[in-house]
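Remarks on the structure that follows.
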Amino acid sequence: MHAPPARRVVRLGAVAGAVALVAGTLLAAPAMAAPPRAVDPFAPDLGPNVTIYGPDTPVAQIQADLDALHAQQVDAEMSTARQAVYFLPGQYGSVEQPLQAKVGYYTEISGLGASPEDVTIHGAVEVYNRCLEGGGTANCLALVNFWRTISNLSIDIDKSGQDGCRASAEFWAVSQAVSMRRLDVSGGNLSLMDYCTAGPQYASGGFIADSRLPSVTNGSQQQWLIRNSEVAGWSNAVWNQVFSGVVGAPDDAAFPNPPYTTLDSTPVSREKPYLYVDDDGRYQVRVPAVQHESRGISWADGETAGRSIPITDFFIATPDDSVKDINNALARGQHLILTPGVYDVDRTIEVKRADTVVLGLGHATLTAVGGATPLEVKDAEGIVVAGVTIDAGAELSPVLVRVGKADGGKPLDAENPITLSDVYFRVGGPHIGKTTTALEVNADNVLIDHTWVWRGDHGVEGFTEGVNGDTDRWHTNTGTNGVIVTGDDVTATGLFVEHFQQHNTLWKGENGRVVLYQNELPYDPPTQADWTQPDGTLGYPGYVVAGDVTTHRLDGAGVYVFNQNNPAIVTANGFSVPQTPGVQLHHIVTVNLSAGTIEHVVNGIGGQADNTNTGAPQYVVDYPAP
């Protein structure tokens, strides 16, 4: 694809006011449905928090802008700021003047080409450790480097002008709710830890898909999923590194030394939709096709297979739009783009029509108001929800996202599954949150491609710190269940679920398939009685398959314990599954993080993780044993 005519940097704040005024007028007349909103296919209004650069924009200006954005977002962990930065096809930076960007919280940086090769950044796009103690270097780590995105571009690594250590690699030191998709990285090494900043340099959890990478240093990353990619090499592992459909992945025959889990192909995959500009300069959204038993990148031989939707077919929403207007747009057949911002949702956004696309930009966030369920996806094939964060509100919501009818719906086509990509959940953090269940999946043939479902263990309200932690959080920031799956033939690639008060994950449907599962049990049960099941079982396993399920497969999983409030608390098992040949767990682990005990890995099998072996994983290679 050739680049469209060169364009200046697009700053959208000036037009946002006009959009807000229109939205306000519509809201003043609730009896009338808002008419379709005109969208310019060559210059769509994507709201005040989107910046678009063209290759003619001076590198010095882009560098200054990105430096200022990073300074604003680097410590904005619990803020309401949301930002997206897009690059039109072309070259950015040079040997003489490399573009070296750092990515902060709630920031998306993406190319607008049909291929990652259409946008090249000569320089670096990085995340470093965050230093938490007064800006000093006593506690620098990546354990809370959440909520950021980079995608659909090439990076020709050039660290010119940086010191010797910094010049040694492109650094991507992140943890949960961070995705790296559709990248072509060359010219150096990629490190998933920041070994240049003072320690302890810990990192925990990440996701890469559909990318071509140089040699990768895993470093301190505790668990990681890389899916449908190419790597020149991979060094080091901590507890569980999972490779699915990756060309160049290391062999896993010696598991757990090193702790690699390698699947030759990915059972079901669909790459995340992406915004791009076509040869004529029109904006479109590409929706990749579903793949089965796939391997390697989707763009190796040209355009990613799938369909393109003109941006004129989308309702482009801002936080000023009402749920009524959004639902009216969906009902009349439009797709939905959520521009960067925080949306207060007091009634359910209902996605009913087959093949509808809901695409969030810049970590667009839906916050439940008044106990609402923010999003429901009906039993309809091919619906895709991507790039959206769902926050619980202060009043109890029964569920934050429901997929399919609770009592079961019509059979859906396995060739066109409902798909959730980079959909994140929070119960607490920026404010107190309450929900019974975060994600409920009732439909069959659903694909969950990277999610972090998090009941907050820290935040800005109701999370006071003390010598023994915050015992009040257990009663104020409530999340009973993380993920409940009742549908059959549901696949999850990259399922991260943490800190819920009963079931983190409860799988009731048949023929479930999970590739990488990561869980921390809740930090904050005040007493053993608070963390004991009605039948007397000590604690709730981090991953449960219901007793009547006959077929299920889990590859590469960890359950960790850190009972900060009461280190004497005991959990009987990290995993609990029916004892039947059709339910198989492959490469699973429990770890004590410094407080609390998990007596066994699964069903009374496996070693005890406690404070006598802190940080030492207790592995079970296969359950049931072959």
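Worth pointing out:
- Residues that are of a type in the set (S, T, N, Q), within 18 Å of residue 111 (Cα to Cα) and at pLDDT 95 or above do not occur anywhere in segment 64-82.
- Only one of the listed residues (487, 462, 466) is at pLDDT 85 or above and either part of a strand (DSSP E or B) or not polar (S, T, N, Q) (or both). That residue is 487.
- Extreme residue, surrounded by the fewest Cβ atoms within 10 Å (Cβ to Cβ), among residues of segment 160-209 that are of a type in the set (D, E, K, R) and on the phi < 0 side of the Ramachandran plot: 163
- Being more than 24 Å from the chain's Cα centre (by Cα), part of a loop (DSSP other than H, G, I, E, B) and closer than 23 Å to residue 457 by Cβ holds for only one residue in 96, 133, 77, and it is 133.
- Filtered by the rule that a residue be surrounded by fewer than 14 Cβ atoms within 10 Å (Cβ to Cβ) and not β-branched (Val, Ile, Thr), segment 612-626 gives 613, 615, 616, 622, 625, 626.
- Test result for residue 113, under 20 Å from residue 362 (Cα atoms), in a loop (DSSP other than H, G, I, E, B) and either under 19 Å from the mean Cα position of the chain (by Cα) or hydrophobic (A, V, I, L, M, F, W, C) (or both): no
- Within the set 329, 317, the sole residue that is farther than 17 Å from residue 372 by Cβ and not β-branched (Val, Ile, Thr) turns out to be 329.
- Taken over segment 558-586, the residue count meeting the criterion of being closer than 14 Å to residue 605 by Cβ and either among the charged types (D, E, K, R) or buried (at least 23 other Cβ atoms within 10 Å of the Cβ) (or both) is 6.
- From the options 343, 276, residue that is under 20 Å from residue 37 (Cα atoms), in contact (Cβ under 8 Å) with a residue 12 or more places away in the chain and of a type outside the set (Asp, Glu): 343
- Residue 121 vs. criteria buried (at least 18 other Cβ atoms within 10 Å of the Cβ), touching a Leu at 6+ places or on another chain (Cβ under 7 Å) and not assigned by TED's automatic domain parsing to the domain that holds residue 497: yes
- The strands (runs of 3 or more DSSP E) falling completely within segment 527-626 that include 2 or more residues that are more than 19 Å from residue 511 (Cα to Cα) map to 552-562, 570-576, 583-595, 597-602, 618-623.
- Some residue of segment 375-385 being at pLDDT 95 or above and closer than 28 Å to residue 87 by Cβ: yes
The values are calculated or read from the model by the stated rules, or taken from the named source; none is laboratory data. The structure presented is a predicted model; accordingly, all values stated were derived computationally and were not measured. So basically every Cβ, Gly included, is an ideal-geometry build from the backbone, and we count neighbours across all protein chains shown.
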